[in-house]
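Down below is the structure, laid out as structure tokens.
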Amino acid sequence: MPTSHAQEAVTVSVFVQRFSATRRGARLARRMAMFRLDLWGVPYGSPASDAVALVVAEFAANAVLHALVPGRDFELRLCCDRASGVVRVEVSDAHPTRPEPPRPAPGPAEAEGGRGLLLVEAVAARWGVDERKGPGKTVWAECALPSDSRPLEAS
């Protein structure tokens, strides 16, 4: 006679996808991240979704603009951990240069570049850079989930 096993609730969901190291690839990475979060119960336009969108946009843009290695894609990995209340964003690329710690950009306030990691630092609980297998690095950030999000859907 088979024994019944109680199923545990899924509290961690993961999404991994490689994208071309182009502006289009960076834009698609951001859009796919928002779509996946919505499927996981973090709705479009919520503070957590907006924070993750900003982080993915910045990391993907940096992978395309500053860490481009011809012929190499970048990888986006999202990990939504309900138990710890965190969405972890990781972007891996093949370029070995690590990003500089954020500091206010010199120059006029209306300049278009140089503030991305300051924004990431403002919206993420923490962020950093790790080594990875093979060439390159992984830049990551963790964004807080609200405690009252709707239940996680299976995916």
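The values are calculated or read from the model by the stated rules, or taken from the named source; none is laboratory data. Note that the structure is a prediction, hence the values are computed from the model and not measured. So basically every Cβ, Gly included, is an ideal-geometry build from the backbone, and we count neighbours across all protein chains shown. For the accessible areas, the whole protein counts, side chains as well, though only heavy atoms, and no ligand, DNA or RNA atoms are used. Shrake-Rupley method; radii C 1.70, N 1.55, O 1.52, S 1.80 Å.
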With every protein chain left in place, what is the accessible area of HIS5 in Å² (1.4 Å probe, nearest 10)? 150
Please turn the phi angles of segment 70-80 into ³J(HN,Hα) values with the Karplus equation 6.51 cos²θ - 1.76 cosθ + 1.60 (θ = phi - 60°), one per residue in order, whole Hz, x for glycine and proline. x, x, 10, 8, 10, 10, 9, 10, 10, 10, 9
Under 5 Å, built H, 5+ apart or other chain: amide partners of LEU145: VAL86, VAL87
Protein chains only, probe 1.4 Å: how do CYS79, CYS143 rank by accessible area, largest first? CYS79, CYS143
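May I ask you to compute the full-extension gain from LYS133 to VAL14, defined as 0.36 nm times their residue separation minus their alpha-carbon distance, rounded to one decimal in nm? Let's see the in-between values first.
Numbers: separation 119, 0.36 × 119 = 42.84 nm, distance 1.93 nm.
Here the segment from LYS133 to VAL14 would lengthen by 40.9 nm.
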Quick check: pseudo-label points 7 Å beyond the Cα along Cα→Cβ at ARG115 and ALA144, how many nm apart are they? 2.3
